[in-house]
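Below is one structure; the comments refer to it alone.
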Amino acid sequence: AKIRYANTYRLEPYNRVRDYLVRNKAQAILMSKLQQDEYDGASSLSLCASISEEILKAVKELNFDRYKYVVSVLIVEKANQAMNVASRWVWDVQRDTWVSAEYETKTFFALALVVACYYE
């Protein structure tokens, strides 16, 4: 049976998300997974999915209190182009946060975005 907790009406987490820890974890995972790779458009989709799952698992292991996470990984081939990435969220400036990590090689650029939303 799933354990259900009563609402505590607590508006602040005991253990806030520390951006530098999440960024270091995401950066390390990107580096370890993509260090030897060349860009391949066919396998990029599955690679992005596996990296995002691994980053999500690593962030959850940090045990930040009362947060839900969204992890997005983008791999783009370098072709002398510019790139803009945008996201929109309903945001609580005091409690919610986001972190980005990037990794670049000669053939591609990888960006990981981790969004942590406080959950009351």
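The values are calculated or read from the model by the stated rules, or taken from the named source; none is laboratory data. Just so it is clear, the structure is predicted and the values come from calculations on it, not from any experiment. Glycine gets a Cβ as well: all are built from the backbone with ideal geometry, and neighbour counts include every protein chain shown. Heads up: the accessible areas ignore ligands, DNA and RNA and are worked out on the full protein's heavy atoms, side chains in. Shrake-Rupley method; radii C 1.70, N 1.55, O 1.52, S 1.80 Å.
Checking each residue in region 71-120 for being outside any strand (DSSP E or B), open to solvent by less than 60 Å² (accessible area, probe 1.4 Å) and either among the acidic types (Asp, Glu) or touching a helix residue (DSSP H, G or I) at 6+ places or on another chain (Cβ under 9 Å) (or both) picks out Asp92, Asp96, Thr105. The condition of being basic (Lys, Arg), exposed (fewer than 15 other Cβ atoms within 10 Å of the Cβ) and part of a strand (DSSP E or B) holds for only one of Lys2, Lys68, Lys57, that being Lys68.
Look at region 56-70 and say how many of its residues are in contact with a helix residue (DSSP H, G or I) (Cβ under 7 Å, 6 or more places away or on another chain) and under 23 Å from Thr8 (Cα atoms). Of the residues in region 56-70, 2 are in contact with a helix residue (DSSP H, G or I) (Cβ under 7 Å, 6 or more places away or on another chain) and under 23 Å from Thr8 (Cα atoms).
Of all residues in region 22-53, those that are over 17 Å from Phe108 (Cα atoms), surrounded by fewer than 17 Cβ atoms within 10 Å (Cβ to Cβ) and in contact (Cβ under 8 Å) with a residue 40 or more places away in the chain total 1. The number of residues in region 28-41 that are in a helix (DSSP H, G or I) and modelled with pLDDT of 85 or more comes to 7.
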